[in-house]
1. Looking only at Ile83, Ile123, Ile69, which one moves most when the chain is put into a Gaussian network model with springs between Cα atoms under 10 Å?
2. Just to be sure I understand: with springs between alpha-carbon atoms less than 10 Å apart, which residue in Pro135, Pro177, Pro81 has the highest mean-square fluctuation in the Gaussian network model of the chain?
3. Hey, can you list the DSSP H helices of the chain whose Cα span along the axis is 30 Å or longer and whose average Kyte-Doolittle score is at least -0.5?
4. Summarise the accessible area of the chain (1.4 Å probe, protein heavy atoms) by the percent that is carbon and sulfur.
5. Please return the longest range in the chain lying between exposed loop sites, taking trypsin sites (Lys or Arg not before Pro), DSSP loop only, at most 13 other beta-carbon atoms within 10 Å, and leaving the sites out.
6. Can you find, among Gln104, Ala161, Thr115, the residue sitting farthest towards the positive end of the charge dipole of the chain, where Lys and Arg contribute +1 and Asp and Glu -1 at Cβ?
7. Taking GluC sites (Glu not before Pro) that fall in a DSSP loop and have at most 11 other Cβ atoms within 10 Å as cut points, what is the longest piece of the chain between them?
8. Taking the Cβ of Arg140 as the centre, find all other residues whose Cβ is under 13 Å away and add up their charges (Lys, Arg: +1; Asp, Glu: -1).
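The values are calculated or read from the model by the stated rules, or taken from the named source; none is laboratory data. Everything numeric here is computed off the predicted structure, so don't read it as measured data. Positions of Cβ are generated from backbone atoms using ideal geometry, with glycine treated the same way; all protein chains shown enter the neighbour counts. To get the accessible areas, we keep the full protein, side chains included, count just its heavy atoms, and leave off ligands, DNA and RNA. Shrake-Rupley method; radii C 1.70, N 1.55, O 1.52, S 1.80 Å.
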Amino acid sequence: VDEAMNPDNLSTVFARLYELRMQGRRDGMSELMDSIIDEYELDHEQLPFWAAQVMGAAWITAGELERGIEILEQTFDLSQPMISTLGGGAFGISVLNTLVWAYQATGQDDKADETLAYVLDQIESWQAAGASGSPSARARYATALVLSRRVDEGLTELEQAIDIGYRDYYFTWHDLPWAGLREDRRFLDLMERIKTDVDVMVERIREVEA
């Protein structure tokens with residue numbers, strides 16, 4: 001990586017990408033990535049694997065599905081187990097869920113099924129070992145269930161994630177695998193529950209800091 005694109009700069013860029021994603025500004029994400037690629041002559045193969053995964057998922061979210069798929073396919077080895085801690089876990093599952101969605105959206109059903117089977121197998125093995133009980137991990141499992149068309153189970157799992165503290169409203173609302181449920185009353189009720197809790201928390205913070 002170019003010296004100017006050091007880890008601190010990468011973190012700043014990816015923080016901005018995350019902010020744009022939370023706002024649902026897909027065009028802004030695409031513009032930002034094009035600008036850093038031009039400015040730094042950035043090649044995803046030069047990046048740490050986690051950074052390449054962020055970039056690949058961001059391209060998919062921005063609507064550049066084939067571009068994102070190409071990057072992500074080089075960052076995962078489905079023949080190897082994924083660790084459930086740093087570099088894996090909820091983050092890795094979230095990225096793979098995005099890849100599954102992109103495969104489904106581009107008609108690559110065999111790859112989607114293979115990757116989704118890997119995701120579910122990883123999560124279920126972590127569950128058996130008692131290593132996947134965090135709110136974020138439960139929410140990512142819910143997403144994988146929705147991608148596998150087990151919608152009722154996915155909504156139940158999302159509700160259980162919320163029960164134990166999941167509050168990432170904007171991530172879930174703008175997450176592509178959930179887009180098909182934005183008119184489902186059950187999903188809307190869960191999203192309203194998260195957003196109400198977040199709004200209350202923000203108001204309390206304002207009161208404390210006033």
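1. Ile83
2. Pro81
3. 185-209
4. The C+S portion of the solvent-accessible surface of the chain is 48 percent.
5. 1-148
6. Farthest along the dipole direction, towards plus: Ala161.
7. The answer is 42-182.
8. -3
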